[in-house]
Amino acid sequence: MPVSETFRTVVLVFLGTHIPATLMMDSQALLPPAIVPGFMKSLLDFHVRTNHDPLMAAPPAWFKSFILFELLFQLPFFFIGFKAFYERRNWIRIPGVVYGAHTATTLIPILAEILHPATVFPDEAARWRLFFIYLPYLLVPASMAYALGVDDKPFGAKGGPNKLK
């Protein structure tokens with residue numbers, strides 16, 4: 001069954017918004033603070049204060065390893081995947097399955113850390129708010145892996161023209 005226009009749009013928005021999020025927020029887990037622009041520090045500080053994100057407040061080594069893979073492998077895929085979904089290209093099938101499976105897998109320990117009772121939050125509402133902030137980063141890639149994995153021509157026999165024009 002070909003990828004629906006609705007799902008295609010969800011993926012385009014997801015990939016398009018993930019580029020600035022990765023560059024401006026997630027990268028700070030690895031970058032020396034001296035080279036991070038002030039507006040990016042303020043953005044991360046706002047997120048940590050507002051959403052009580054312990055992983056971004058003091059990133060543990062295992063989380064930093066996920067960010068490293070996000071920067072090295074996922075970030076290039078965001079551009080490639082966006083172009084392929086925008087142009088409805090079937091060649092994205094295998095790279096999309098790999099990306100989706102990898103990303104969904106990394107979200108399991110992240111969500112487990114958020115839900116673990118030893119992880120301190122001001123209240124349960126804050127815990128669940130952060131959980132639901134991270135959840136799309138599991139659901140969209142997992143759905144992408146599934147949708148691209150079950151159909152050898154996810155955009156039809158020839159791919160197709162871009163219907164968003």
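The values are calculated or read from the model by the stated rules, or taken from the named source; none is laboratory data. Computed from a prediction, not measured in an experiment: that's the story for all the values here. Here the Cβ is made from the backbone with ideal geometry for all residues, glycine too, and neighbour counts use every protein chain on show. The accessibility values were calculated without ligands, DNA or RNA, using every heavy atom of the protein model including side chains. Shrake-Rupley method; radii C 1.70, N 1.55, O 1.52, S 1.80 Å.
Any idea which of (1) within 30 Å of Glu124 (Cα to Cα); (2) open to solvent by less than 30 Å² (accessible area, probe 1.4 Å); (3) not hydrophobic (A, V, I, L, M, F, W, C) is the one Tyr99 doesn't satisfy? Of the numbered conditions (1) within 30 Å of Glu124 (Cα to Cα); (2) open to solvent by less than 30 Å² (accessible area, probe 1.4 Å); (3) not hydrophobic (A, V, I, L, M, F, W, C), the odd one out for Tyr99 is (1). Looking across Lys64, Lys83, Lys158, one residue alone is out of contact with any strand residue (DSSP E or B) (no Cβ under 9 Å at 6 or more places or on another chain), over 23 Å from Leu12 (Cβ atoms), among the basic types (Lys, Arg) and open to solvent by 20 Å² or more (accessible area, probe 1.4 Å). It is Lys64. If you go through the stretch 30-43 one residue at a time, do you hit one that is surrounded by 12 or more Cβ atoms within 10 Å (Cβ to Cβ), at pLDDT 95 or above and of a type in the set (Gly, Ala, Ser)? No, the conditions are met nowhere in the stretch 30-43.
Scanning the stretch 105-145 for residues that are among the hydroxyl-bearing types (Ser, Thr, Tyr), part of a helix (DSSP H, G or I) and surrounded by fewer than 16 Cβ atoms within 10 Å (Cβ to Cβ) yields one hit, Thr105. Being farther than 27 Å from Arg127 by Cα and open to solvent by less than 40 Å² (accessible area, probe 1.4 Å), is that true of even one residue in the stretch 10-18? There is at least one residue in the stretch 10-18 that is farther than 27 Å from Arg127 by Cα and open to solvent by less than 40 Å² (accessible area, probe 1.4 Å). Restricting Leu71, Leu130, Leu55, Leu107 to those that are out of contact with any strand residue (DSSP E or B) (no Cβ under 8 Å at 6 or more places or on another chain), closer than 30 Å to Glu5 by Cβ and of a type in the set (A, V, I, L, M) reduces the list to Leu107.
Pairs are defined by a Cβ separation below 6 Å, a sequence spacing of at least 6 or placement on different chains, a first member in the stretch 91-113 that is hydroxyl-bearing (Ser, Thr, Tyr), and a second member that is open to solvent by 50 Å² or more (accessible area, probe 1.4 Å) and part of a helix (DSSP H, G or I); the pairs so defined are Thr106/Phe66.
Residues in the stretch 86-96 that are of a type in the set (Phe, Trp, Tyr) and either more than 17 Å from Ile19 (Cβ to Cβ) or buried (at least 21 other Cβ atoms within 10 Å of the Cβ) (or both): Trp91 only.
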